[in-house]
Structure formats: structure tokens, C-alpha cells
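Single-structure report; data block below.
The values are calculated or read from the model by the stated rules, or taken from the named source; none is laboratory data. Just so you know, these numbers come straight off a predicted model, no measurement behind them. All Cβ positions, even for glycine, are placed from backbone atoms using ideal geometry, and neighbour counts span all protein chains on display.
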Amino acid sequence: MSWSRIKKAHFDLFNSLSDDEVLQESWTNFVNEVNQNPTPYHIKLLLDKLQALDKNRNEIKILDHGCGMALTLLYLVAIGYTNIFGVDVEKENIWALW
């Protein structure tokens, strides 16, 4: 059980974007991997800061500029954060998640 399993579930999630039924199954698998694996160190640091705000998860707004494929943002959504925003500019695409 490790971050690599979460990354694999994330990869599968993005590969299922064109099929709603498969997407739902992939999302469920991703959430399960998040919940079954230890919190990665880099996310634990972020969660410690967020918890220090002493607010409910739905009251905190998070913007990740340079989010890449949004793995960390999707991780936060999987554990209950709802006001998640990400943007990443690539050569050919601008990715946005909200």
C-alpha cells in the first residue's frame, strides 16, 4: 500500500473520462485507495496547515496554481474538501478543475 497505488488509481481515473459508467467505478476505486493507504508526507504537511485553520472542510477554499494533472486536488476532494480549484498551463492546454 503506497502512494504509487494512489497514482495508479489517478491514472485510471483520467483514462476513464470518456465513459461515465467507467468513470464512476474509477472514482470509487480512487477514493478507496486514498482511504486505504497512509497519507503521503507531502499531503500530510498540507493537511496539518489546513487543520490549523480551525474551519470545516467546506469552508476552506484551496487554489493550486500549477496543479499538473490535479492528483493532490483530487486527493483532497476524496477526503471531503469541496472548494477546490486548480489551474495548470501547458504548451497546448489549459487544465482547470473545480
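Looking only at segment 44-68, residues that are farther than 22 Å from E90 by Cβ and touching a Phe, Trp or Tyr at 6+ places or on another chain (Cβ under 6 Å) come to 1 in all. When segment 74-93 is filtered for residues that are part of a loop (DSSP other than H, G, I, E, B) and out of contact with any strand residue (DSSP E or B) (no Cβ under 9 Å at 6 or more places or on another chain), the ones remaining, listed by number, are I79, G80, T82, E90, K91, E92, N93.
For segment 43-64, enumerate the residues that are of a type outside the set (K, R) and in a helix (DSSP H, G or I). Please lay out each step first, then the result.
Here is the first cut: in segment 43-64, the ones of a type outside the set (K, R) are 43, 45-48, 50-54, 56, 58-60, 62-64.
Scanning segment 43-64 gives I43, L45, L46, L47, D48, L50, Q51, A52, N58, E59.
Within segment 10-42, being in a helix (DSSP H, G or I), hydrophobic (A, V, I, L, M, F, W, C) and at pLDDT below 95 holds for F11, L13, F14, V22, L23. Applying the criterion of being out of contact with any strand residue (DSSP E or B) (no Cβ under 7 Å at 6 or more places or on another chain) and hydrophobic (A, V, I, L, M, F, W, C) to the residues of segment 54-73, the residue that is surrounded by the fewest Cβ atoms within 10 Å (Cβ to Cβ) is M69.
Applying the condition of being out of contact with any Leu (no Cβ under 9 Å at 6 or more places or on another chain) and in contact (Cβ under 8 Å) with a residue 40 or more places away in the chain to segment 27-86 and asking which residue is nearest to K7 (Cα to Cα) yields L71. Within segment 9-21, residues that are within 21 Å of L73 (Cβ to Cβ) reach partners that are surrounded by 12 or more Cβ atoms within 10 Å (Cβ to Cβ) and among the polar types (S, T, N, Q) with beta carbons closer than 7 Å, at six or more positions or on different chains, in the pairs A9/N29; D12/S26; D12/N29; L13/S26; S16/S26.
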